[in-house]
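One structure below.
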Amino acid sequence: MAGTAGSHYEKAFENWLKDNRFRYIPIDQQKRFAFSKSKIKTFDFLFYLSDSTAYIAEIKGRKFAGKTFVAFGSLPNWATADDLRGLGDWVKIFNNKYQGLFVFVYDLENIDVDTDGREIFEFNNKRYVFIAVRLEDYKKGASLRSEKWQTVHLSAEFYKNCALNLNELVGQKIRL
């Protein structure tokens, strides 16, 4: 599969998909009109876990300079209102055969971080943690973060309760 031309967060996630032998399709942001001539925000990846489970993934890269994930209070999880609308529109376009998923990719700036048991993925001399939230869960818990920037976020408690560890999905994947 061709690699993405995206950010280091997207490249790290793509390499995690490769390492775990998931079937996936990276979406080239430069060719978004191949999918739609509308103004729907493009997602980053389609990936497949089983014959019946497929995801439309929007990658949200964030730096993490803290020491622990345990409280979840310092984990940025904001998205734009356009991210929510776009992901929801793509789910509808694909006739609800794919689930919308936000994947927050945290670039760990500190060497010694308590990730609360979450897998650390090393790529290109950086360390990352992936936390996913289903679109439907995100919509349920989203509250306004900035009216000016049209951003929303989840409270620390809600985020902690709906966060998915991607390494838990590994057992469900389709082998190449």
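Laboratory data are not the source of any read-out in this text; all were calculated from the coordinates shown. Note that the coordinates shown come from a computational prediction; the quantities given were computed from them, not determined experimentally. In this analysis, Cβ positions are derived from the backbone assuming ideal geometry, glycine residues included, and neighbour counts consider all displayed protein chains.
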- Task: Assign one of three labels to the range 63-104, namely rounded, prolate or oblate, based on the Cα gyration tensor with a ≥ b ≥ c the square roots of its eigenvalues; rounded applies when a/c is under 1.5, prolate when it is not and a/b is larger than b/c, and oblate otherwise.
- Result: prolate
- Query: Once the other residues with Cβ under 15 Å from the Cβ of Ile111 are scored (Lys, Arg +1; Asp, Glu -1), what is the net sum?
  - Reply: -1
- Which aspartates and glutamates have a Cα less than 18 Å from the Cα of Lys139, not counting those fewer than 8 places away in the same chain? Glu58, Asp82, Asp83, Asp89, Glu147, Glu157
- Message: With 16 Å as the cut-off, how large is the P(r) tail for the range 62-176, expressed as percent of Cα-Cα pairs?
- Response: 64 percent
